[in-house]
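Before any comments, here is the structure.
The values are calculated or read from the model by the stated rules, or taken from the named source; none is laboratory data. Computed from a prediction, not measured in an experiment: that's the story for all the values here. With ideal geometry, Cβ positions are generated from the backbone for all residues, glycine too; neighbour counts draw on all protein chains shown. Ligands, DNA and RNA are stripped out before the accessible areas are found, and what is left, the full protein with its side chains, is counted by its heavy atoms. Shrake-Rupley method; radii C 1.70, N 1.55, O 1.52, S 1.80 Å.
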Amino acid sequence: VPLESTEDFFACALLLEEKLMLRAGIKRVRWLVTSDSRAVLEQAHVRGGERVVELRGEIIHIDRSPSLPETGLIRTYADHTLLTMADILIGSRSGFSELA
């Protein structure tokens, strides 16, 4: 998702968070944000504050990165695994999001 398009994602996240909290009586919501764009991740922290969870490790593309550092592989697999367990998933048109 281009940085200029993230506004819609965050607006959607806030709306769904409000509905989830009202309907399910949940008191705290966390946002797992995963992106290959450092700028998008930084914007998520600005918009989501303490709600945002971002795993540590290098950001890599398993199919496109020239090298596959262990921390990048672990982060990629952990991000994907956690996305599959989310109650709600707001994703872009990407194989990573769609597979989750």
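Brief remarks on what is shown
- Per the conditions (1) closer than 26 Å to Glu4 by Cα; (2) in a helix (DSSP H, G or I); (3) open to solvent by less than 60 Å² (accessible area, probe 1.4 Å); (4) touching a residue at least 12 places away in the same chain (Cβ under 8 Å), the sole criterion not satisfied by Ala78 is (1).
- Of the residues making up segment 30-50, those that are in contact with a helix residue (DSSP H, G or I) (Cβ under 8 Å, 6 or more places away or on another chain) and among the basic types (Lys, Arg) number 2.
- Answer residue from segment 11-29, given it is closer than 15 Å to Leu89 by Cβ, of a type outside the set (Asp, Glu) and surrounded by 13 or more Cβ atoms within 10 Å (Cβ to Cβ) and is nearest to the chain's Cα centre (by Cα) among those: Ala13
- Some residue of segment 8-29 being in contact with a helix residue (DSSP H, G or I) (Cβ under 6 Å, 6 or more places away or on another chain), in a strand (DSSP E or B) and free of Cβ contacts under 8 Å to residues at least 24 places away in the same chain: no
- Criterion: open to solvent by 70 Å² or more (accessible area, probe 1.4 Å) and either in contact with a Ser or Thr (Cβ under 8 Å, 6 or more places away or on another chain) or in a helix (DSSP H, G or I) (or both) - qualifying residue of Val40, Val46: Val46
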